[in-house]
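The values are calculated or read from the model by the stated rules, or taken from the named source; none is laboratory data. Quick caveat, the model's predicted, so the values are computed rather than measured. Ideal geometry is used to build each Cβ from the backbone, glycine not excepted, and the neighbour counts take in all protein chains shown. These accessible areas exclude ligands, DNA and RNA; they are computed on the full protein's heavy atoms, side chains included. Shrake-Rupley method; radii C 1.70, N 1.55, O 1.52, S 1.80 Å.
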Amino acid sequence: MTKLNFRSNFDEYMNDEYLFTYNAISVRGERHQRINQENQDFFTCNIRKEVKYLIVADGVGSALHSQKGAEKAVTLLEQMIVESLHNLSNVSESVMNTFYSKFRDNWKKCFPKTYYDYDTTLRFVLIFKHGVFLGSIGDGMVIYSTGKSVVYLKEERDSFSNQTYSLASDHTENQFKSKYIPFDTMNDLPIVVILMTDGVADDLKSDRLKQLPIYLYQEIKVKGVIRMQKEISDWIINWKTNNHSDDRTFCMFTMSKGDSKDEA
């Protein structure tokens, strides 16, 4: 059976004060297309719940069932967010790191004694009422941009190894990158968050990263979420690189004041 070459989604939601959007696409890499193998990336996004979230997993290529492990990581984390965080009043980096540790333990329990065969990296963003939590284990990148600053979350590899950390890795507590950032909606808007797997992040030049959220926000303000989805899809589907043939996943979230450019 022929596998799908890409899956994508987008949404726009406006409450009494703010406009929220997301655009997302995941494209099967050229190697997986040639051998008719599943995309090992998986994502989900939701901007209509009280705690909004974007989650992206990238199955480790050497793991036998990494696509299933990536999908389970995303669906399990989404379930725990919905069940555990919607009434959370005391949000902090310490509280969220404890939440991540519980999630990782639960993910490993889904594959007793064989979780190494389902290994995956993971990055996610949770948007609370007055702050944002960024979390990442493994390669890929998270970018958080406000009207005042830009924060990057990316794995730091030593110069002697190309090893990436993942959910199944031993002693990963110190390799989980996280940051809780309180925001002031009066001064920090617009907020732009971007999540990328390494199939995209590794090809972007560092001097362009700071301008990327600003450029994309300006584009979506003019074009709206529907036309923006087409632009991002064309960009990621037609991605040109000689560095690899990886699957490619790109998700973008925006929060701003203003009217929608698309009809309801």
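Numbers below:
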{"read-out": "Ile220, sole failed condition from (1) buried (at least 17 other Cβ atoms within 10 Å of the Cβ); (2) aliphatic (A, V, I, L, M); (3) within 28 Å of Val60 (Cβ to Cβ)", "value": "(3)"}
{"read-out": "Matching entry among Val151, Val142, Val125, Val91 (being buried (at least 16 other Cβ atoms within 10 Å of the Cβ), at pLDDT below 95 and not in a helix (DSSP H, G or I))", "value": "Val91"}
{"read-out": "Members of segment 99-122 that are surrounded by fewer than 20 Cβ atoms within 10 Å (Cβ to Cβ) and not in a helix (DSSP H, G or I)", "value": "Cys110, Phe111, Pro112, Lys113, Thr114"}
{"read-out": "Given (1) farther than 30 Å from Lys240 by Cα; (2) among the hydroxyl-bearing types (Ser, Thr, Tyr); (3) touching a Leu at 6+ places or on another chain (Cβ under 9 Å), index of the condition Thr75 fails", "value": "(3)"}
{"read-out": "Residues within segment 128-139 that are in a loop (DSSP other than H, G, I, E, B) and surrounded by 23 or more Cβ atoms within 10 Å (Cβ to Cβ), tallied", "value": "2"}
{"read-out": "All positions within segment 192-208 that are open to solvent by 20 Å² or more (accessible area, probe 1.4 Å) and of a type in the set (A, V, I, L, M, F, W, C)", "value": "Leu204"}
{"read-out": "Residue within segment 5-27 that is open to solvent by 10 Å² or more (accessible area, probe 1.4 Å), small (Gly, Ala, Ser) and in a loop (DSSP other than H, G, I, E, B) present", "value": "no"}
{"read-out": "Residues located in segment 209-264, provided they are assigned to a helix (DSSP H, G or I), in contact (Cβ under 8 Å) with a residue 24 or more places away in the chain and hydroxyl-bearing (Ser, Thr, Tyr)", "value": "Tyr217, Ser233"}
{"read-out": "So Lys179, is it open to solvent by 20 Å² or more (accessible area, probe 1.4 Å) and modelled with pLDDT under 95", "value": "yes"}
{"read-out": "Segment 48-78, residues that are among the β-branched types (Val, Ile, Thr), buried (at least 20 other Cβ atoms within 10 Å of the Cβ) and part of a loop (DSSP other than H, G, I, E, B)", "value": "Val60"}
